[in-house]
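Here is the structure we will look at, set down as structure tokens.
The values are calculated or read from the model by the stated rules, or taken from the named source; none is laboratory data. All values derive from a computational prediction rather than experimental measurement. Neighbour counts are summed over all protein chains in view; Cβ atoms, including those assigned to glycine, are modelled from backbone coordinates with ideal geometry. These area figures cover heavy atoms from the full protein model, side chains too; ligands, DNA and RNA do not enter into them. Shrake-Rupley method; radii C 1.70, N 1.55, O 1.52, S 1.80 Å.
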Amino acid sequence: TDCVEGIDAQRVFGYALFKDGKHTQLAYPLEKFHSDVSGRSFHNGRFIQRMREKAASLPNVRLVQGSVTSLLEENGTIKGVQYKNKDGEQQTAYAPLTIVDVPSCFVGLVLENCDLPCANHGHVILGDPSPILFYPISSTEVRCLVDVPGQKVPSISNGEMTTYLKTVVAPQIPKQIYDSFVAAVDKGNIRTMPNRSMPAAPYPTPGALLMGDAFNMRHPLTGGGMTVALSDIVVLRNLLRPLKDLNDAPTLCKYLESFYTLRKPVASTINTLAGALYKVFCASPDKARQEMREACFDYLSLGGVFSSGPVSLLSGLNPRPLSLVLHFFAVAVYGVGRLLVPFPWPKRIWIGARLILGASGIIFPIIKAEGVRQMFFPATVPAYYRAPR
């Protein structure tokens, strides 16, 4: 936690959802935790730099900064990396275990001196055609992420992006932050980067281990990327802690296969919920999808277990995939129930049936991609019990 100190990181206690002029607050269920426990939002670069400084302060760590150009491979085993240092010189670094990671990207802009409607909360606007996010990254700055669906993103250079943000996005955001949003758009510091979702598909290679966005990405709607990354680091730390020698690459590779199973409860829950919520929150002309979107907003607005349950899942406080499935279909059943009251007209029954089918079509492909056995029955995977030799 000391890595979030001194970087103006902001405490976050939950989410605020906005839809069609209505809004609701969802709090993290922190009653059983220490008073210092909360979410944190921050400048990603500042946090990464603090983590590098923390690692470099350890007696057995030597920090070398450069741009990796390739992995060094001998007879199918990764022996290290080739990289360019700050002077552009090609260098070589050898290691018994190489951790491979690729930084993630997104689209956004920064609002300055902006007071969010709900302090210390992440804000999700259920906009049309897709969600809009706002969250504090310092005491004076708010990050805005605008999801632009489709392959073709409006051009920044010719002014298409500015026009899109002012005409399509701006009218949908809360009045309290409208002026700050327009000012940020006019300032022009708009960054457009790809957003991808990629289920974890490990490819065990002696001498190397994939982590982070190198093998697993999810939609950034719920802000779960750093939660998954830090959870993965804890899992890997616990696996490496009893080892005295990392030089037997084939044996180490076999042992570290358990990493991909042990990380599943947290990672797959956050991945699945992020992907499912994104599809539910996107606007659609389909009546069944509209009903599902409305039902999800109203379900979360009920409070109690109906909000604390889903929030504990997406925050990583309750990494239970079965709870995720139960809540997701509870939303669908809640939506169908509203359609059948006060009288189950045939048209409403048909919409309800399509709502259930639509919900299944959203969540089951994501679960299949994550791995049903690894998500729900990790103890049946042989690697789960793998011990160091």
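Could you tell me which numbered condition residue 204 fails, if it satisfies all but one of (1) closer than 13 Å to residue 100 by Cβ; (2) surrounded by 19 or more Cβ atoms within 10 Å (Cβ to Cβ); (3) touching a helix residue (DSSP H, G or I) at 6+ places or on another chain (Cβ under 8 Å)?
(2)
Return the pairs, sorted by first residue and then second, in which the second residue is open to solvent by 60 Å² or more (accessible area, probe 1.4 Å), the first residue lies in region 377-389 and is farther than 20 Å from residue 367 by Cα, the beta carbons are less than 7 Å apart, and the residues are 6+ apart or on different chains.
Within 7 Å, the pairs are 388/242.
(1) in contact (Cβ under 8 Å) with a residue 60 or more places away in the chain; (2) more than 14 Å from the chain's Cα centre (by Cα); (3) surrounded by fewer than 21 Cβ atoms within 10 Å (Cβ to Cβ): which one isn't true of residue 233, the others all being true?
If we test residue 233 against (1) in contact (Cβ under 8 Å) with a residue 60 or more places away in the chain; (2) more than 14 Å from the chain's Cα centre (by Cα); (3) surrounded by fewer than 21 Cβ atoms within 10 Å (Cβ to Cβ), just (1) comes out false.
Take residues that are closer than 29 Å to residue 139 by Cβ and touching a residue at least 40 places away in the same chain (Cβ under 8 Å) and tell me which of the strands (runs of 3 or more DSSP E) falling wholly in region 1-105 contain 3 or more.
The strands (runs of 3 or more DSSP E) meeting that bar are 10-12, 14-19, 22-27.
Being closer than 30 Å to residue 126 by Cα and open to solvent by less than 50 Å² (accessible area, probe 1.4 Å): is that true of residue 26 here?
Here the answer is yes, as residue 26 does meet what is asked.
Tell me, which helices (runs of 4 or more DSSP H) wholly within region 274-389 include 3 or more residues that are crowded, with 20+ Cβ neighbours inside 10 Å?
287-301, 305-314, 321-340, 346-370
Within region 239-276, count every residue that is farther than 14 Å from residue 204 by Cβ, touching a Leu at 6+ places or on another chain (Cβ under 7 Å) and either among the aliphatic types (A, V, I, L, M) or at pLDDT below 90 (or both).
Count: 4.
Just to be sure I understand, how many residues within region 322-356 are among the aliphatic types (A, V, I, L, M) and more than 25 Å from residue 270 (Cβ to Cβ)?
7
So which of 127, 66, 88, 122 is surrounded by fewer than 16 Cβ atoms within 10 Å (Cβ to Cβ) and either over 23 Å from residue 226 (Cβ atoms) or under 24 Å from the mean Cα position of the chain (by Cα) (or both)?
88
Hey, among 170, 184, which residue is of a type outside the set (Lys, Arg), open to solvent by less than 50 Å² (accessible area, probe 1.4 Å) and under 29 Å from residue 48 (Cβ atoms)?
After applying the criteria, what remains is 184.
Taking the residues in region 38-63 that are under 20 Å from residue 237 (Cβ atoms) and in contact with a Leu (Cβ under 8 Å, 6 or more places away or on another chain) as candidates, determine which candidate is surrounded by the most Cβ atoms within 10 Å (Cβ to Cβ).
The qualifying residue surrounded by the most Cβ atoms within 10 Å (Cβ to Cβ) is 52.
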